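The values are calculated or read from the model by the stated rules, or taken from the named source; none is laboratory data. The structure displayed is predicted, hence computed values, not measured ones. Methodologically, a virtual Cβ is constructed for each residue, glycine included, from the backbone with ideal geometry; neighbour enumeration extends over all protein chains shown.
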Amino acid sequence: MLKFSKKHWLYIAFFTALVIIFYIVITLVVPGFTERKTAPINTVRPFAFTTQDGQRLTNNDMVGKIYAVEFFYTTCPGICPRMNKNMRTVYDALNKEKDFYILSFTCDPKTDSAAKLKLYADSMQVDTKKWVFLTGRKDSLYNAARLSFSIDDPKNFVKNEEDDFMHSQNWALVDREGNVIGIYDGLKKSEVNDLIKKAKKMLKEG
């Protein structure tokens with residue numbers, strides 16, 4: 001049986017203490033050191049859509065920014081008003097943050113022109129530089145929802161585009177590199193609060 005002298009035990013205790021002190025210091029100094037990095041759910045593909053002001057917005061415009069994404073339509077009588085009431089909670093909590101934005105894409109571009117979205121945005125009384133409403137081609141919008149933001153199953157595509165209709169209560173949270181790092185139920189207050197907390201943490205990390 002291996003025996004250690006008193007001197008050896010002192011050395012072991014000394015180096016063990018050093019390791020513990022180093023670990024404590026680095027966890028205090030380096031944000032997120034003890035957290036496991038979550039693999040992205042998806043990566044946002046290139047896109048180009050039209051804002052409520054008739055301006056072009058692309059994925060490149062959002063690089064370096066953190067943003068929440070939803071899909072809704074202005075004439076929705078069901079879940080959309082409830083979703084946007086909850087999204088207003090997100091807006092109120094984070095709209096003063098320089099690098100945080102909300103992108104609300106229409107599911108019904110045939111009805112929701114830029115002018116129609118402008119009227120809707122005005123009724124919400126929000127800063128449309130921070131909460132942006134977007135329209136575009138239906139196929140491009142649905143591709144973004146399903147293949148980029150992962151808020152709807154790609155299997156839901158139908159052959160006839162006219163018959164395709166997407167209506168999802170899910171939101172996506174996108175990081176500064178264009179990675180989707182979370183999907184949240186926009187009708188559940190607990191998940192809305194989770195999105196706010198996660199976004200604040202990401203903004204703090206810089």
| query | Restricting the search to segment 162-206, which residues are assigned to a strand (DSSP E or B) and under 11 Å from the mean Cα position of the chain (by Cα)? | reply | ASN170, TRP171, ALA172, LEU173, VAL174, ASN179, VAL180, ILE181, GLY182, ILE183, TYR184
| said: Consider segment 89-125. How many of its residues are surrounded by fewer than 20 Cβ atoms within 10 Å (Cβ to Cβ) and not in a helix (DSSP H, G or I)? | reply: 10
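Restricting to segment 182-206, and then to whatever is basic (Lys, Arg) and surrounded by 15 or more Cβ atoms within 10 Å (Cβ to Cβ), can you tell me which residue is nearest to GLU70 (Cα to Cα)? Full working, then the answer.
Taking segment 182-206 as the starting set, the residues that turn out to be basic (Lys, Arg) are 188-189, 197-198, 200-201, 204.
With the extra rule that they be surrounded by 15 or more Cβ atoms within 10 Å (Cβ to Cβ), the set shrinks to 198, 200.
Values: LYS198: 17, LYS200: 18 Å.
Looking at residues that are basic (Lys, Arg) and surrounded by 15 or more Cβ atoms within 10 Å (Cβ to Cβ), I get LYS198.
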| remark: Considering residues that are closer than 27 Å to LYS197 by Cα and touching a Ser or Thr at 6+ places or on another chain (Cβ under 6 Å), the number found within segment 49-70 is 2
| query | Which condition number in (1) within 23 Å of THR74 (Cα to Cα); (2) among the acidic types (Asp, Glu); (3) modelled with pLDDT under 95 is the one that GLU205 fails? | reply | (1)
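I'm trying to understand the selection: among the residues of segment 107-127, which are touching a Lys or Arg at 6+ places or on another chain (Cβ under 8 Å) and either within 20 Å of ALA68 (Cβ to Cβ) or not assigned by TED's automatic domain parsing to the domain that holds MET62 (or both)?
So in segment 107-127, the residues touching a Lys or Arg at 6+ places or on another chain (Cβ under 8 Å) come out as 109-110, 124, 126.
MET124, VAL126, listed by residue number.
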| request: With the condition kept exactly as written, say whether any residue in segment 159-167 is at pLDDT 95 or above and either farther than 22 Å from ASN95 by Cβ or out of contact with any helix residue (DSSP H, G or I) (no Cβ under 8 Å at 6 or more places or on another chain) (or both). | output: no
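Against the definition (part of a loop (DSSP other than H, G, I, E, B) and in contact (Cβ under 8 Å) with a residue 60 or more places away in the chain), how does THR128 come out, yes or no? Walk me through it before giving the result.
Values: part of a loop (DSSP other than H, G, I, E, B): yes; in contact (Cβ under 8 Å) with a residue 60 or more places away in the chain: yes.
Yes; evaluated as a whole, the condition is true for this residue.
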| Given (1) modelled with pLDDT under 95; (2) assigned to a helix (DSSP H, G or I), where does LEU141 come up short, assuming only one miss? | (1)
| remark: PHE71 passes all but one of the listed conditions (1) loosely packed, with under 14 Cβ neighbours inside 10 Å; (2) at pLDDT 95 or above; the exception is number (1)
| request: Out of TYR120, TYR101, TYR67, report the one residue that is among the aromatic types (Phe, Trp, Tyr) and more than 17 Å from the chain's Cα centre (by Cα). | output: TYR120
